[in-house]
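Working notes, structure below.
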Amino acid sequence: MTNHIHFIAVPSTEEGLQQVLKPLHMRYAQRINRERGWKGHIWQGRYFSSALDDDYLWAAIRYVERNPIRARMVRKAENYHWSSAGWHCGLRPDPLLTTKPTWRRQFEGIGDWSAWLAEGDEPEKLEVLRRNVDKGLPCDQRSSSRNLRN
């Protein structure tokens, strides 16, 4: 993505995301602006976050890894160099990604990651993700039933 990034992260504290992302955005923007003689914002906007249950976690991972396809940057998610999809598909190493055994076991449960990505997004979950993340609301099974009432 040229104007934003996506992370699926599990912070160790409630303030963890803010403590990392706010200064990261600021320092990166300052550096790029200084190097290129620019002024102003680099990123699309402030970061958005949402607590995810297991179902929405997998929907979010698929959404993030398929984003370059939706942006017409690549035909296959794993071909986008800045995506974790290449690592998940076994095409390249990525030292930034977790190798904790609990996560590795969950990832291995997918089997053919490339085929899983090719299945596409689940439209209902994608709608909930987009709306709730934008509002800072959790994405969980109750989100779907709440949406029926709203």
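The values are calculated or read from the model by the stated rules, or taken from the named source; none is laboratory data. Keep in mind it's a predicted model, so treat the numbers as computed, not measured. Cβ atoms come from the backbone with ideal geometry, glycine included; neighbour counts cover every protein chain shown.
Summary of values
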read-out	value
Qualifying residue in region 52-61 (condition: touching a residue at least 24 places away in the same chain (Cβ under 8 Å) and part of a loop (DSSP other than H, G, I, E, B))	yes
In region 3-29, the residues that are hydroxyl-bearing (Ser, Thr, Tyr) and either surrounded by 13 or more Cβ atoms within 10 Å (Cβ to Cβ) or outside any loop (DSSP other than H, G, I, E, B) (or both)	TYR28
Residue in region 7-26 that is over 16 Å from the mean Cα position of the chain (by Cα), among the hydroxyl-bearing types (Ser, Thr, Tyr) and not assigned by TED's automatic domain parsing to the domain that holds LYS135 present	yes
Contacts under 8 angstrom Cβ, first residue in region 113-124 being more than 15 Å from ASP55 (Cα to Cα) and in the same structural domain as TYR56 (by TED's automatic domain parsing), partner exposed (fewer than 12 other Cβ atoms within 10 Å of the Cβ) and of a type outside the set (S, T, N, Q), 6 or more apart	TRP113/GLY90
Where ALA71 falls short, out of the listed (1) surrounded by fewer than 16 Cβ atoms within 10 Å (Cβ to Cβ); (2) under 20 Å from PRO123 (Cβ atoms); (3) aliphatic (A, V, I, L, M); (4) touching a strand residue (DSSP E or B) at 6+ places or on another chain (Cβ under 9 Å)	(4)
Output for region 85-112, where each listed residue is outside any helix (DSSP H, G or I) and farther than 21 Å from SER12 by Cα	CYS89, GLY90, LEU91, ARG92, PRO93, ASP94, GLY109, ILE110, GLY111, ASP112
Lone unmet requirement of (1) surrounded by fewer than 12 Cβ atoms within 10 Å (Cβ to Cβ); (2) touching an Asp or Glu at 6+ places or on another chain (Cβ under 9 Å) for ALA51	(1)
Residue list for region 30-45, filter: surrounded by 11 or more Cβ atoms within 10 Å (Cβ to Cβ) and modelled with pLDDT under 90	HIS41, ILE42, TRP43, GLN44
Residue pairs meeting the criteria (Cβ under 6 Å; at least 6 apart or on separate chains; first closer than 14 Å to SER84 by Cβ, in region 1-12; second of a type in the set (A, V, I, L, M, F, W, C) and surrounded by 14 or more Cβ atoms within 10 Å (Cβ to Cβ))	HIS6/VAL64; ILE8/ALA60; ILE8/ILE61
Tally of residues being surrounded by 14 or more Cβ atoms within 10 Å (Cβ to Cβ), of a type outside the set (Val, Ile, Thr) and free of Cβ contacts under 8 Å to residues at least 24 places away in the same chain across region 74-83	3
Residue match in region 88-111 (condition: of a type in the set (Phe, Trp, Tyr) and at pLDDT 90 or above)	no
